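Novice: Just passing along the structure, written as structure tokens.
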Amino acid sequence: MKPLRIGIFIDDFFPKSGGVARSVELQINELVRMGHKVTLFAPKPFFIPPENCASEALDVWHIPGTESFLSSLKFGRKAAERIATQYTFDVIHSQNERGALFLAAQIAKIQNTPHVHTFHSNYAGTHRTSPFLSMLNSLTYLHVAPLIMRRLRPERSGMKLYFPRKLSTPERIPLARADWKNVARLAQYVDAFTSPANFVIDAIVDASRGKLADKGYVIPNGVSPIFAKAERIRPDETVVRFLSCGRLDPEKRVDIIIKAFQQLGRKNTELYIVGSGSMEADLKRLAKKEIEDETIKFLGHYNDIERIANEFANADVFVFASYRFDTQGMVLAEAAASGTAILYCDDRLKVGVAPENSLLVNPSVSALAEGMRFFASHPDERTAMIKASKHVGRGVSAEIMEQRFESVYEKVMRLLMPPDSTSDILES
């Protein structure tokens, strides 16, 4: 394939706001390394331009002080026409279901360019942990977003969609089922859609009763080579270090990790917590005694990916309590690449975990505590899992991710562009 001109649109703050931004940063690095010309369009707040590609910081709708997932690129005919006049793309790729999706759709229509979208989020998975906010999102934004896409791409509307039939128990409530149907409604307006999780693609395809099957692709997010290069500098000790890394928000269930650690009650253990979020103050109150005893340490939010990798490498066990929320859980793959054993509770998460490097338990406090007890009490098994993680982590490379995206780009270009216009571009 000859070099492509790729426009990537993201609503999250770039590059360090979370897993979506990290995956996009890695995707850009790999696409550029393979010779493609990438232009990134991202929100102005906290924007750090990538050194290896063209970029433009765009105006956003965002309330200062709120999380990045509440940010949305400003879209409209004027903005789309300006970008479409200034840039020429072979493929447009949007990464969030907010302004980035709408602006990308407008530009794709103007340029008659294939539009690929990645679904990173599981909206239906928030109803248990944040019921009020999830209900508000379901009844407002997720209901309105497909209507916006229908107005932008009316020629693609009209597909009959249903509630998905095969959902986990927490996602069978009416609002959660409606969330999946609305996500499928968004999917019908793009030329191809991807997700790092099989269950996301399966739900969308099922909502269309198979009509969207040829548009959906599972592409796990790759892991930066920085994690594989991280080396343990903490000497082997009798103290077993558990690590939690991620947003301190309800859906990540860090409170369950703290309660499990408290239930464990072992003197030869410690828990490190990396991250910040809306529950930080509550979590610190919950762990007040352990903080005073220095068995639980809150390390705050890390912007430097090398610092995150070093925390993984110096931990013995990474604990992930998110349940029926994450699509991939990038931290699982990052933990594996860093050579850390894993304790987790969501069987739908498949990337970075295998029987030889991880322990899957049910999502209760007592089950996670029992998992911690296993790791603390069985040093030989723990050591074997740590060694196995490096091997498992090698299967989640950025290069594999890039090759799969290239394949999707090639397919949508062949399907949607006239033969005479693709012959020069799609040449192996």
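Computed from the coordinates by the stated procedures, all read-outs in this text should not be read as laboratory data. Because the structure is a prediction, the values reported are computed rather than measured. Cβ sites come from the backbone with ideal geometry, for glycine too, and all protein chains shown count toward neighbours.
Novice: For the chain, what is the relative contact order in percent, using Cα pairs closer than 8 Å and at least 6 residues apart in sequence?
Specialist: Normalised by residue count, the contact order of the chain is 14 percent.
Novice: May I pose another question? Would you mind ranking Lys284, Lys215, Lys411 so that the residue whose beta carbon has the fewest other beta carbons within 10 Å leads the list?
Specialist: Least to most surrounded, the residues fall as Lys284, Lys411, Lys215.
Novice: Gain in length, Lys229 to Lys289, computed as 0.36 nm per residue apart minus the alpha-carbon separation, to one decimal in nm?
Specialist: The Lys229-Lys289 span can extend by a further 18.1 nm.
Novice: Going by average Cβ density within 10 Å per residue, which order do the peptides 101-108, 354-361 take, highest to lowest?
Specialist: 101-108, 354-361
Novice: Would you mind getting me the FRET efficiency between Ala384 and Ala281? Use the beta-carbon distance for r and R0 = 51 Å, nearest 0.05.
Specialist: Computed FRET efficiency for Ala384 and Ala281 comes out at 0.85.
Novice: Could you work out how far apart the two model spin labels at Ser366 and Asn52 are, taking each label as a point 7 Å from the Cα in the direction of the beta carbon, and quote it in nm?
Specialist: About 5.0 nm, to one decimal.
Novice: Also: Grab segment 225-393 and count how many Lys pairs have their alpha-carbon atoms under 17 Å apart, sequence gap of 8 or more, or different chains.
Specialist: Counting lysine pairs in segment 225-393 gives 15.
Novice: To check you understand DSSP bridge types, tell me what percent of the beta bridges within the chain (both residues inside) are antiparallel, rounded to 5.
Specialist: 5 percent
Novice: Here's a follow-up. Could you tell me the convex hull volume per residue, in Å³, taken over the Cα atoms of segment 263-343?
Specialist: Measuring per residue, one finds 119 Å³ for the Cα hull of segment 263-343.
Novice: When we measure straight from the Cα of Lys181, which lysines land under 19 angstrom away, once same-chain ones fewer than 8 places off are left out?
Specialist: Result set, ordered by chain and number: Lys160, Lys166, Lys211, Lys215.
Novice: Grab every C-alpha pair in segment 298-428, bin the distances at 5 angstrom width from 0 up to the longest one, and report whole percents.
Specialist: Each 5 Å bin holds this share of Cα pairs: 2, 10, 16, 17, 16, 11, 6, 6, 6, 4, 3, 2, 0, 0.
Novice: Oh, and also: From the backbone phi of segment 335-348, what are the Karplus-calculated ³J(HN,Hα) couplings (6.51 cos²θ - 1.76 cosθ + 1.60, θ = phi - 60°) in whole Hz, Gly and Pro given as x?
Specialist: 5, 4, 4, 7, x, 10, 5, 10, 10, 8, 9, 10, 5, 7
Novice: Expressed as a rounded percentage, what relative contact order does segment 225-393 have, with Cα pairs under 8 Å and six or more residues apart?
Specialist: Numbers: 334 pairs, mean separation 44.1, N = 169.
Relative contact order for segment 225-393 comes out at 26 percent.
Novice: Another one. With Cα extents along the principal axes in Å as the read-out, I listed (1) 68, 45, 40; (2) 69, 69, 43; (3) 61, 56, 39; which label goes with the value calculated from this structure?
Specialist: Of the listed options (1) 68, 45, 40; (2) 69, 69, 43; (3) 61, 56, 39, (1) comes from this structure.
Novice: In addition: With no solvent and one point on each alpha carbon, what is the Debye value of log10 I(q)/I(0) for segment 225-393 at q = 0.11, 0.12 Å⁻¹?
Specialist: -0.38, -0.45
Novice: Using a Förster distance of 41 angstrom, determine the FRET efficiency expected from the C-beta separation of Glu306 and Thr85, and round it to 0.05.
Specialist: It comes out at approximately 0.55.
Novice: OK, next. Please report the spacing between the Cα centers of segment 14-36 and segment 227-273 in Å, no decimals.
Specialist: 28 Å
Novice: What order do you get for Glu334, Glu410 when you list them from fewest to most C-beta neighbours inside 10 Å?
Specialist: Going from least to most buried by this count: Glu410, Glu334.
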